[in-house]
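Below: one structure, written as structure tokens.
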Amino acid sequence: MAFPHRPDAPELPDFSMLKRLARDQLIYLLEQLPGKKDLFIEADLMSPLDRIANVSILKIVLLGQTPHQEYAIHCHFMHVRWCLRKRESMEEGDQRWINTVAQALHLLSTLYGPFPNCYGIGRCAKMAYELWRNLEEEEDGETKGRRPEIGHIFLLDRDVDFVTALCSQVVYEGLVDDTFRIKCGSVDFGPEVTSCDKSLKVLLNAEDKVFNEIRNEHFSNVFGFLSQKARNLQAQYDRRRGMDIKQMKNFVSQELKGLKQEHRLLSLHIGACESIMKKKTKQDFQELIKTEHALLEGFNIRESTSYIEEHIDRQVSPIESLRLMCLLSITENGLIPKDYRSLKTQYLQSYGPEHLLTFSNLRRAGLLTEQAPGDTLTAVESKVSKLVTDKAAGKITDAFSSLAKRSNFRAISKKLNLIPRVDGEYDLKVPRDMAYVFSGAYVPLSCRIIEQVLERRSWQGLDEVVRLLNCSDFAFTDMTKEDKASSESLRLILVVFLGGCTFSEISALRFLGREKGYRFIFLTTAVTNSARLMEAMSEVKA
Amino acid sequence: MGLRMNRTKGDEEEYWNSSKFKAFTFDDEDDELSQLKESKRAVNSLRDFVDDDDDDDLERVSWSGEPVGSISWSIKETAGNSGSSHEGREQLKSRNSFSSYAQLPKPTSTYSLSSFFRGRTRPGSFQSLSDALSDTPAKSYAPELGRPKGEYRDYSNDWSPSDTVRRLRKGKVCSLERFRSLQDKLQLLEEAVSMHDGNVITAVLIFLKRTLSKEILFRELEVRQVALRHLIHFLKEIGDQKLLLDLFRFLDRTEELALSHYREHLNIQDPDKRKEFLKTCIGLPFSAEDSAHIQDHYTLLERQIIIEANDRHLESAGQTEIFRKHPRKASILNMPLVTTLFYSCFYHYTEAEGTFSSPVNLKKTFKIPDKQYVLTALAARAKLRAWNDVDALFTTKNWLGYTKKRAPIGFHRVVEILHKNNAPVQTCRDLKDRQQLLAYRSKVDKGSAEEEKIDALLSSSQIRWKN
């Protein structure tokens, strides 16, 4: 039931090298300063630090840290997820991590060879790419002649697709992140999950065999899997009964350890599922999902707006209410002025007048805007439809100038078929497309873009989509010679998310990989979800 | 285009009942949930056979939940011991002998430390000492922190703006003082911007901020959007409020000016001082709507201060029943309006419109919509089990907005609130809503007096149920 890897899936390059490199760099760094040192570690850095060097390696070193000297510690995870300083939001004007991304790409291409194919979309993607190219030119010669191990690289700005980041997640890993907050690959499970009186910090990665099988699954499949596993475990233990001494000895020495391990993991994840279920039932998750799907589809907008209004009136959660408003705004090209005014007023009344500042932040970020008069959805739609049928250049430019700064989600969604048309039930047990990560309702836009560009090996045929995304200047393809690359490496794709990546997108792309025989490697400035996105925008920390 | 807008009512039903939503049902009778519960029971029953104590392979976790061997664990462990262990001191001594860059410790790993930092990917290749010291174009991964003396060998006074910017990006030593003329400085800034690295841009801006007059700096940045954005971001981060406001004033970005000034109120803790500050915000160049919100914020805090003082007095006097029965758990200061309304409906429900603390007064002053008002009042009165008040709220004409035929979100919530507060069954009966009564019946305890009452009502021939 879990998706096994295809037998012909390409092998990953040796990423453990990155971990060793990071550790050695850290030691080198610390050893640069002579004498006894104290190590002051900011709380947020503890987790990433643990991933590369634990106490037996560090021992006691002393480090003086002045306020303005920040040692950015880069952490390399199994799938190359980067954990930079906290607050890596796409705050307007903040380009400070562009260099870090460029450096990362430079490091990767030095270690694993040049990338034969580069694609990208987004303002930051373009800047990071250009900076990276500069770095390569300055220190040229290192990568020439090396065999490429990774065939494609795709750079993508978060703000190309905010919709996906705003949706509730329903794949297991995404749900765990939404519910418990996964930080640097580990999560704190409280007593309600561990079924004892202490909390536990758990590392969630492929070494947790139970987790690895369910992480990308739709939540509805997870129960079935866990209960099957529990039954198997029971059966294994039951075998003890018929054993003689010799068999028992063998059992204890060979199998018991593994079973205990499995038992422990199983009980943790079952506890997590129970906890998730409890929370979701309390939040009336079903109703919430209905509303989200309606917004994605563009159906019954008035009812969805009323739902949001009531959500605010009942003071359910400031972050959730905000998230829903943003989803409405992006999918509908902004709220109609009457709704904007009324929802804003109600939000301030329910959650506090200081959120006036939050609304200002969201407006600047383009997440929660008001439709300009005369710019209702039908007006935009008719303009776009004109575009589709009328190829005259002049008319196209006119239509597009008015599309500036608009999200155009509906038009894009139609062009890229993001809302699957279902005849009968959407089978979540055997998913047939990437929409399964949102229960069959919606294919993540970012993943669809990647899929299409990889298929075409270019942006050909996607010009309209690119223009609707308002990224027309920054979609690029750079195909250098592929002759050195093996066919195996050409099936390896490095995806770089600038501004954050969600677990749902990771799951969706893994699915795509299994379908097409690719393997995806993920590099991101941060793993994000709707709550983190909203919190970064919220002026008042809830 | 616009096909979806034409769904019929029948399609609607189909839509809501389709599989996407069934995928996420949380009914207690659901097979999957009971399956989960069963698995949990099974797993827990296995605890008897599983002896956790002697297992070495499981990740060891301390009482505080930290994995043993992790940094946080060790910090907690060693917190008690002030002096380092003998072993630790020995190690430090050996480290101290490598006090300069000249001697790198001999590596034991397959990849030598220095060769790794030189970018050689072939394992086991060692560098000569002179290679390690020279500052040739050979690539280095080592973060450029401690400044080995060798680094200064190539220090020059002659770098162009683009070279300077490149050095800044690499974190190398670089003095910007030689860029004296305005033209030089602007060129430096332009180079930084074209490099896209925010850290470099900010570093240059810090230099410009120090060496240029405010007016010139502002004037030049006005036409350089990227640099301007970085400066604003930087000023916000370091909290240089004065310069930020001056900048907004110069750029005539009046609304941002007003918002930045307003933001300061979050740093004022004392309620009276905050109230005075908010007063200064009224009349600032906000948009028309925001001006109204600011005014409301001030008025709200003003009210809350009065209510808080008054109620604290009443509570300590000990004569008022409501405060005796339900002592206040928190102050009302700086709470949102809806919370204040809830509080007012809880503690001051019957007060006349004239008082500051009466709900009706709040409703009028802040123009609270009917729907919001009824919902909040209902929650407060239900919590107090004041069923007469609940009834009265139901029968006002304001309630009609809630009774929708399909997917009655509003009424569903009402039942929820009532159920949470164990409402009597009369309310449902009064509304002649048999469906809701049935739904409610499923939630009460079997064989209870409530259930009997419900059954009596359901079988009554006198009530003309509407559904």
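The values are calculated or read from the model by the stated rules, or taken from the named source; none is laboratory data. Just so we're clear, the structure is a prediction, and the values are computed from it rather than from any experiment. Methodologically, a virtual Cβ is constructed for each residue, glycine included, from the backbone with ideal geometry; neighbour enumeration extends over all protein chains shown. Note: accessible area is taken over every heavy atom of the protein model, side chains too, but ligands, DNA and RNA are not part of it. Shrake-Rupley method; radii C 1.70, N 1.55, O 1.52, S 1.80 Å.
Okay, here's what the table says:
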quantity: Flag for A:L203 being in contact with a strand residue (DSSP E or B) (Cβ under 7 Å, 6 or more places away or on another chain), open to solvent by 60 Å² or more (accessible area, probe 1.4 Å) and within 30 Å of A:K183 (Cβ to Cβ); calculated: yes
quantity: Filter result for A:V222 (within 25 Å of A:T528 (Cβ to Cβ), part of a helix (DSSP H, G or I) and either of a type in the set (A, V, I, L, M) or in contact with a helix residue (DSSP H, G or I) (Cβ under 6 Å, 6 or more places away or on another chain) (or both)); calculated: yes
quantity: Single residue of A:F251, A:F285, A:F211, A:F219 found to be open to solvent by less than 10 Å² (accessible area, probe 1.4 Å) and at the interface with chain B (Cβ under 7 Å from one of its Cβ atoms); calculated: A:F285
quantity: The stretch A:348-374 - residue that is among the small types (G, A, S) and under 29 Å from the mean Cα position of the chain (by Cα) and, of those, farthest from A:N408 (Cα to Cα); calculated: A:S360
quantity: Within the stretch B:343-357, considering residues that are assigned to a helix (DSSP H, G or I) and either among the charged types (D, E, K, R) or buried (at least 21 other Cβ atoms within 10 Å of the Cβ) (or both), the one farthest from the other protein chains (Cβ to nearest Cβ); calculated: B:Y347
quantity: Matching residues, the stretch B:287-320, being of a type in the set (A, V, I, L, M, F, W, C), more than 12 Å from every other protein chain (Cβ to nearest Cβ) and within 30 Å of A:S342 (Cβ to Cβ); calculated: B:I305, B:I306, B:I307
quantity: Residue within the stretch A:238-253 that is acidic (D, E) and within 26 Å of the chain's Cα centre (by Cα) present; calculated: no
quantity: Filter result for A:F189 (open to solvent by less than 10 Å² (accessible area, probe 1.4 Å) and either at pLDDT 90 or above or in contact with a helix residue (DSSP H, G or I) (Cβ under 9 Å, 6 or more places away or on another chain) (or both)); calculated: yes
quantity: Residues of the stretch B:207-235 classified as within 21 Å of A:Q95 (Cβ to Cβ) and exposed (fewer than 15 other Cβ atoms within 10 Å of the Cβ), total; calculated: 3
quantity: Leading residue by the ranking (modelled with the lowest pLDDT) among those in the stretch A:142-157 that are open to solvent by less than 50 Å² (accessible area, probe 1.4 Å) and not in a strand (DSSP E or B); calculated: A:T143
quantity: Test: residue in the stretch A:297-306 that is closer than 20 Å to A:N529 by Cα and within 12 Å of another protein chain (Cβ to nearest Cβ); calculated: no
quantity: Count of the stretch B:245-269 residues which are part of a loop (DSSP other than H, G, I, E, B), within 13 Å of chain A (Cβ to nearest Cβ) and not aliphatic (A, V, I, L, M); calculated: 1
quantity: Yes/no for A:N232 being within 13 Å of chain B (Cβ to nearest Cβ) and at pLDDT below 85; calculated: no
quantity: Test: residue in the stretch B:223-242 that is modelled with pLDDT under 95, among the small types (G, A, S) and either within 28 Å of the chain's Cα centre (by Cα) or assigned to a helix (DSSP H, G or I) (or both); calculated: yes
quantity: Residue in the stretch B:246-302 that is surrounded by the most Cβ atoms within 10 Å (Cβ to Cβ), counting only those that are of a type in the set (S, T, Y) and closer than 30 Å to B:S213 by Cβ; calculated: B:Y262
quantity: First in the stretch A:477-504 and under 30 Å from A:S168 (Cα atoms), second anywhere and open to solvent by less than 10 Å² (accessible area, probe 1.4 Å) and modelled with pLDDT under 80, Cβ under 7 Å, 6 or more apart; calculated: A:L492/A:P10
quantity: Only listed residue being within 7 Å of chain B (Cβ to nearest Cβ), over 20 Å from A:V170 (Cβ atoms) and open to solvent by 10 Å² or more (accessible area, probe 1.4 Å), chosen from A:R264, A:R239; calculated: A:R264
quantity: Residues of the stretch B:321-342 satisfying the condition of being of a type outside the set (F, W, Y) and away from every other protein chain (no Cβ under 14 Å); calculated: B:E321, B:I322, B:R324, B:K325, B:H326, B:P327, B:R328, B:K329, B:A330, B:S331
quantity: Test result for A:V193, in contact (Cβ under 8 Å) with a residue 60 or more places away in the chain and either in contact with a Cys (Cβ under 7 Å, 6 or more places away or on another chain) or within 13 Å of chain B (Cβ to nearest Cβ) (or both); calculated: yes
quantity: The stretch B:362-387 residues that are on the phi > 0 side of the Ramachandran plot and surrounded by fewer than 18 Cβ atoms within 10 Å (Cβ to Cβ), paired with ones that are assigned to a helix (DSSP H, G or I) and of a type in the set (V, I, T) (beta carbon under 9 Å, 6 or more apart); calculated: B:K367/A:T345
quantity: Among residues of the stretch B:358-389, those that are within 16 Å of B:L300 (Cα to Cα) and outside any helix (DSSP H, G or I), counted; calculated: 3
quantity: Residues within the stretch B:221-235 that are in contact (Cβ under 8 Å) with a residue 24 or more places away in the chain and farther than 17 Å from B:F207 by Cα, tallied; calculated: 1
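So that you can scan it fast, the table gives a plain yes or no per residue for (1) modelled with pLDDT under 90; (2) away from chain B (no Cβ under 13 Å):
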position: A:P373; (1), (2): yes, yes
position: A:T397; (1), (2): yes, yes
position: A:F409; (1), (2): no, yes
position: A:K415; (1), (2): no, no
position: A:V422; (1), (2): yes, no
position: A:D427; (1), (2): yes, no
position: A:V437; (1), (2): no, no
position: A:P444; (1), (2): no, yes
position: A:I449; (1), (2): no, yes
